[in-house]
Amino acid sequence: MPVADIPVWQQAANERREQIESAIPAAWVLPPGALSFKNSMMLPHTTGIMTKKELKITECRAVDLLELMRSKSYSAVEVTTAFCKRAAIAHQATNCIAHIMFSEAIIQARELDKYLEATGNLQGPLHGLPISVKEHIFLRGTPATSGLVAWKDNISEEDALIVKIFREAGAVFHVKTTNPQTLMSLETNSNLFGRTTNPYNRNLTSGGSSGGESALIAMCGSVLGIGTDIGGSIRVPSAFAGGYGLKGSIARLPHGGLSGLHAGMEAIIGCVGPMANSLADINLFCKVALDYQPWRHEPSLMPLPWRPHPVEIIPKRLRIGVMWHDGMVQPHPPVLSALQHAVDILRSAGHEIITWDSTHMKETFKWINNAYFMDGGDEFRDFTDPSTDPAVPYMSFMYDTYATKRYTLEESWRMNVEHDRVRKLYAEQLRSTGVDVILCPTHPSVAAAHNEARHWGYSAVFNALDLPGVVLPVGQVKKTHTWDGVGIGKTEPVSEMDAYYQRLYDDGPIKYEDAPTSVQLVGERLQEEKLLAMAEVLDVLLKRHRKGVALAESIDNL
């Protein structure tokens with residue numbers, strides 16, 4: 001097709017993708033046939049691009065890498081180069097990168113090595129650690145488009161506060177990761193960057209809107225990522241790709257310096273947060289961010305330092321409220337199985353389990369869906385005009401389903417009253433039940449097939465309530481994950497959305513082959529440290545069980 005006949009938005013998309021692909025060194029390009037499998041997780045081990053040492057480096061936790069660089073076992077250049085290589089592999093497998101900074105990262109790492117050699121000191125608590133950044137977060141000299149063609153040339157003149165903090169702490173930024181058109185999506189897909197896929201199964205999504213981060217971190221192309229969440233955008237991608245992710249309370253972590261539509265909206269406010277492959281690294285992110293005292297730079301933040309909360313000081317016997325169903329959409333068998341497994345091992349360890357009443361979920365979900373589009377979706381539609389940047393399928397669904405009413409000023413006041421009412425209901429439920437933490441799904445399904453994710457009730461409600469939530473992995477989809485196999489029968493649909501999700505599972509677990517399973521823990525507002533300590537209790541139990549199963553299988557194979 002002649003260039004003149006190609007739509008302007010398509011030309012912009014082609015140019016952006018060529019920029020990304022051309023920034024990958026020829027030696028790091030995957031060999032022919034490497035992408036012939038649905039599951040890409042072993043590519044770094046099988047293509048010959050990475051050395052054994054580089055594979056070992058990229059499979060370390062951030063907290064361990066920092067100590068290894070401190071002791072000079074690894075140099076910052078070695079660590080950065082290893083992650084740049086693995087990020088290049090991850091991108092070719094999943095389309096997870098929006099902007100590449102490999103050369104700049106290695107130059108920065110070299111300067112950090114020189115600094116350590118000359119002074120004997122680290123530049124800061126993140127000295128030499130490669131960190132990935134979600135695309136719409138400002139990083140000086142890079143685009144922040146929010147997946148919009150209209151903003152393709154929007155170059156950030158300064159760093160977001162979280163980037164500034166981490167840069168001063170010695171972090172190295174090697175890539176920015178993809179986010180979807182407008183950001184308001186459970187799938188990372190845009191005309192500008194294309195679709196990001198799940199490394200465990202490319203027929204599935206890595207989630208949204210931090211889906212580039214989740215795919216990259218799953219493939220160990222980054223050890224720690226900066227994501228954002230206004231309805232599940234850290235937690236859902238983390239769940240879909242088998243990682244760890246934290247949505248903190250509003251005003252707890254630095255949030256200034258993001259591109260996005262509806263700037264200035266305060267009915268519902270998003271959060272910056274960490275995505276990683278361990279809870280230790282989630283804690284590291286939060287501690288470094290808050291040790292900087294960011295409230296001195298961003299007045300809307302709570303002046304609340306990070307307060308270490310060792311597992312030893314939480315109650316020996318936790319009281320855990322389990323939400324099996326949000327009253328709107330029944331989870332699929334793999335999700336129910338993961339939840340049941342978590343319940344079983346917690347109960348075996350002596351913790352008290354009660355059923356969490358989900359009565360108030362539906363009205364809270366209705367409130368937040370109205371809050372997202374109080375202008376009737378006008379601003380979003382302006383930026384996704386069919387002639388300039390056509391709405392991708394998910395945005396078309398959002399417009400047709402939720403962006404249908406424009407609210408008056410007086411109606412927005414009534415919305416504020418309703419918001420306060422539902423928050424009080426949950427506060428009273430937490431108080432009266434005495435639960436320490438809520439255990440629940442993150443989404444009705446594991447990683448959804450492309451264009452099929454629709455319901456965010458299990459995540460967005462906790463944005464409306466401003467309660468912190470953390471996601472941690474449990475296992476993977478099994479052939480036994482049928483309705484009968486998990487021992488929890490399929491219920492009668494309570495809504496059209498419920499019936500829709502039941503139809504999605506008509507083909508059974510084969511459709512979701514290799515997809516990770518996960519659970520979400522939700523704590524009290526501004527109690528992120530306590531929430532992570534309780535998550536560690538469950539995480540340790542899950543790892544101990546997996547280790548025991550692996551040992552038993554190895555004995556059986558003798």
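The values are calculated or read from the model by the stated rules, or taken from the named source; none is laboratory data. These numbers come from a predicted model, not from an experiment. All Cβ positions, even for glycine, are placed from backbone atoms using ideal geometry, and neighbour counts span all protein chains on display. Heavy atoms of the whole protein, side chains included, go into the accessibility calculation; ligands, DNA and RNA do not. Shrake-Rupley method; radii C 1.70, N 1.55, O 1.52, S 1.80 Å.
Considering each of 537, 519 in turn, give the residue that is in contact (Cβ under 8 Å) with a residue 24 or more places away in the chain, within 22 Å of residue 237 (Cα to Cα) and not hydroxyl-bearing (Ser, Thr, Tyr).
On the way: 537 fails: within 22 Å of residue 237 (Cα to Cα).
Selected residue: 519, the only one of 537, 519 that is in contact (Cβ under 8 Å) with a residue 24 or more places away in the chain, within 22 Å of residue 237 (Cα to Cα) and not hydroxyl-bearing (Ser, Thr, Tyr).
Step by step: first the residues of the range 509-533, then only those that are open to solvent by 10 Å² or more (accessible area, probe 1.4 Å) and not charged (D, E, K, R), then the one that is nearest to the chain's Cα centre (by Cα). Which residue is that?
Across the range 509-533, the extreme among qualifying residues is 518.
Only one of these is closer than 30 Å to residue 203 by Cα, at pLDDT 95 or above and in contact with a Cys (Cβ under 6 Å, 6 or more places away or on another chain): 90, 150. Name it. Before you say what the answer is, go through the steps one by one.
Numbers: 150 fails: in contact with a Cys (Cβ under 6 Å, 6 or more places away or on another chain).
Only one candidate qualifies: 90.
List pairs: first in the range 1-17 and within 13 Å of residue 190 (Cβ to Cβ) and open to solvent by less than 60 Å² (accessible area, probe 1.4 Å), second assigned to a helix (DSSP H, G or I) and at pLDDT 95 or above, Cβ under 8 Å, 6+ apart or cross-chain?
9/149; 12/149; 13/149
Just give me the residues in the range 404-428 being in a helix (DSSP H, G or I), open to solvent by 50 Å² or more (accessible area, probe 1.4 Å) and without any contact (Cβ under 8 Å) to a residue 60 or more places away in the chain, in sequence order.
Hits for the range 404-428 are 409, 410, 413, 414, 417, 418, 420, 421, 423, 424, 427, 428.
Looking at (1) assigned to a helix (DSSP H, G or I); (2) in contact with a helix residue (DSSP H, G or I) (Cβ under 8 Å, 6 or more places away or on another chain), find the lone condition where residue 123 falls short.
(1)
Would you check if residue 112 is open to solvent by less than 20 Å² (accessible area, probe 1.4 Å), part of a loop (DSSP other than H, G, I, E, B) and either at pLDDT below 95 or touching a helix residue (DSSP H, G or I) at 6+ places or on another chain (Cβ under 7 Å) (or both)? Give the steps one after another, and end with the answer.
Details: open to solvent by less than 20 Å² (accessible area, probe 1.4 Å): yes; part of a loop (DSSP other than H, G, I, E, B): no; either at pLDDT below 95 or touching a helix residue (DSSP H, G or I) at 6+ places or on another chain (Cβ under 7 Å) (or both): yes.
Considered against the rule, which asks whether it is open to solvent by less than 20 Å² (accessible area, probe 1.4 Å), part of a loop (DSSP other than H, G, I, E, B) and either at pLDDT below 95 or touching a helix residue (DSSP H, G or I) at 6+ places or on another chain (Cβ under 7 Å) (or both), residue 112 comes out as no.
Does any residue of the range 319-331 turn out to be under 30 Å from residue 152 (Cβ atoms) and either out of contact with any Asp or Glu (no Cβ under 7 Å at 6 or more places or on another chain) or open to solvent by 40 Å² or more (accessible area, probe 1.4 Å) (or both)?
We begin by selecting, within the range 319-331, every residue under 30 Å from residue 152 (Cβ atoms); these are none.
Checking the range 319-331: not a single residue is under 30 Å from residue 152 (Cβ atoms) and either out of contact with any Asp or Glu (no Cβ under 7 Å at 6 or more places or on another chain) or open to solvent by 40 Å² or more (accessible area, probe 1.4 Å) (or both).
Test each condition in (1) part of a helix (DSSP H, G or I); (2) touching a Phe, Trp or Tyr at 6+ places or on another chain (Cβ under 8 Å); (3) aliphatic (A, V, I, L, M) for residue 328 and report the one that comes out false.
Looking at each condition in turn, residue 328 falls short on (1).
Looking at 67, 54, 21, which one is more than 23 Å from the chain's Cα centre (by Cα), surrounded by fewer than 16 Cβ atoms within 10 Å (Cβ to Cβ), closer than 30 Å to residue 279 by Cβ and of a type in the set (Asp, Glu)?
67
Considering 461, 470, 446, which residue is under 30 Å from residue 195 (Cβ atoms), part of a strand (DSSP E or B) and open to solvent by less than 50 Å² (accessible area, probe 1.4 Å)?
Working: 461 fails: part of a strand (DSSP E or B); 446 fails: part of a strand (DSSP E or B).
After applying the criteria, what remains is 470.
Can you name the helices (runs of 4 or more DSSP H) wholly within the range 210-314 that have at least 1 residues being under 18 Å from residue 146 (Cβ atoms) and open to solvent by less than 30 Å² (accessible area, probe 1.4 Å)? Let's see the steps before the verdict.
On the way: elements: 211-218, 235-240, 279-291.
Output list reads 211-218, 235-240.
Would you check if there is a residue in the range 347-362 being farther than 30 Å from residue 264 by Cα and part of a helix (DSSP H, G or I)? Break it down stepwise before answering.
Residues of the range 347-362 farther than 30 Å from residue 264 by Cα: 347-359.
Among the residues that remain, those that are also part of a helix (DSSP H, G or I) are: 347-348.
The answer is yes; a qualifying residue exists.
Can you find even one residue in the range 178-185 that is β-branched (Val, Ile, Thr), more than 27 Å from residue 510 (Cα to Cα), crowded, with 24+ Cβ neighbours inside 10 Å and touching a Gly at 6+ places or on another chain (Cβ under 8 Å)? Spell out the reasoning first.
Filtering the range 178-185 down to residues β-branched (Val, Ile, Thr) leaves 178, 182.
Of the ones still in play, those that are also more than 27 Å from residue 510 (Cα to Cα) are 178, 182.
Going one step further and asking which of them are crowded, with 24+ Cβ neighbours inside 10 Å, we end up with 178, 182.
When the remaining residues are screened for being touching a Gly at 6+ places or on another chain (Cβ under 8 Å), the result is 178, 182.
Scanning the range 178-185 turns up at least one residue that is β-branched (Val, Ile, Thr), more than 27 Å from residue 510 (Cα to Cα), crowded, with 24+ Cβ neighbours inside 10 Å and touching a Gly at 6+ places or on another chain (Cβ under 8 Å).
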